[in-house]
Amino acid sequence: MAIRVLLADDQQMVRTGFRYMLNAEPDIEVVAEAGDGVTALRLAREVRPDVSLLDIRMPGLDGLEVTRRLAGPDVVEPARVVVVTTFDLDEYVHAALSGGAVGFLLKDAGPEQLVEAVRAAARGDALVSPRVTVRLLRHFTAAAARRRSPDLRGLTGRELDVVRAAALGLTNPEIARRLFVSLSTVKTHLASAQQKLGVRNRVEIAAWAYRAGVMEEE
């Protein structure tokens, strides 16, 4: 079945371009569009797409508020939201990811990353624009350097290996090959790590790994 996508952007040309790129993929279908935040929130709740692509600057409600209402910490069944924007300001990135977004992509990232971000979100993974990721990791690493010893939250050695690999941006198959384990083992370790860390997705796993200082060996 195709991945059902909601597009929300106040620029018709942007929506048209994204729709063209996504509908060209055999496994993706744009099922709804919105030009403002209020409509985006309503359609997301009515249509229940697999993935919502939200711009930040929209009239009515901005994309960050829509993200929080669809995927925030208090949402029982959080939606899978990818924020796609022209602006990569740190406060936007932080607000999007803390609001529950599973991806943060710049509009100039190109069609391949746009498509991969949708697929990653649909399968429960995450994708953050590389340019943004580098800056985030530098920030987290600097903060971790001030910590004496990490709180591993009860992670086993193998779970920590999987967490580190996920924080480096590796997919589940890549982690399996790197650690010489099965794909199901990777999924089991990730699920256990998420529960122990109290996080909901790979973006939050990566954030924890760098904040905690467990990436210093990488």
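Along the axis of the charge dipole computed for the chain (Cβ charges of +1 for Lys and Arg, -1 for Asp and Glu, origin at the Cα centre), the listed residues Ala209, Thr85, Pro111 are led at the positive end by Ala209. Rg over Rh for the chain works out to 0.98, both radii taken from alpha-carbon positions and Rh defined as the Kirkwood radius. Taking every Cα-Cα distance in segment 1-121 and sorting them into 5 Å bins from zero, the calculated P(r) comes out as 2, 13, 25, 27, 21, 9, 2, 0 percent. Mind giving me the FRET efficiency for Val38 and Phe87? R0 is 22 Å, r the Cβ-Cβ distance, nearest 0.05 is fine. Efficiency for this residue pair is about 0.60. Farthest toward the positive end of the dipole of the chain, out of Leu41, Ala96, Ala191, is the Cα of Ala191, where the dipole comes from beta carbon charges about the Cα centre.
Counting only DSSP H runs of at least 4 residues, each contributing -39500 (n - 2.57), and dividing by the residue count of the chain, the helix-based mean residue ellipticity at 222 nm comes to -16000 deg cm²/dmol.
The magnitude of the dipole of the chain, with charges of +1 and -1 set on the Cβ of Lys/Arg and Asp/Glu and taken from the Cα centre, is near 680 debye. Over the chain, what is the mean sequence separation of C-alpha contacts under 8 Å (at least six apart), divided by residue count, expressed as relative contact order in percent? Once normalised by length, the contact order is 15 percent. Here the calculated FRET efficiency for Met1 and Glu77, from their Cβ-Cβ distance with R0 = 25 Å, stands at 0.85, rounded to the nearest 0.05.
Using a simple spin-label model with pseudo-atoms 7 Å out from Cα toward Cβ, Ser184 and Met13 lie 5.2 nm apart. In the Gaussian network model of the chain, springs joining C-alpha atoms below 10 Å, which of Ala191, Ala101, Ala71 carries the largest mean-square fluctuation? Checking each option, the largest mean-square fluctuation is seen for Ala191. For the chain, with all protein chains present and a 1.4 Å probe, just round the carbon and sulfur fraction of the accessible area to a whole percent. For the chain, the apolar C and S fraction of the accessible surface comes to 52 percent.
Full extension of the chain between Gln195 and Tyr20 gives 59.2 nm of extra length, using 0.36 nm per residue less the Cα-Cα distance.
The values are calculated or read from the model by the stated rules, or taken from the named source; none is laboratory data. From a predicted model like this one, the values you see are computed outputs, not experimental measurements. So basically every Cβ, Gly included, is an ideal-geometry build from the backbone, and we count neighbours across all protein chains shown. Ligands, DNA and RNA are excluded from the accessible area calculation, which covers all protein heavy atoms including side chains. Shrake-Rupley method; radii C 1.70, N 1.55, O 1.52, S 1.80 Å.
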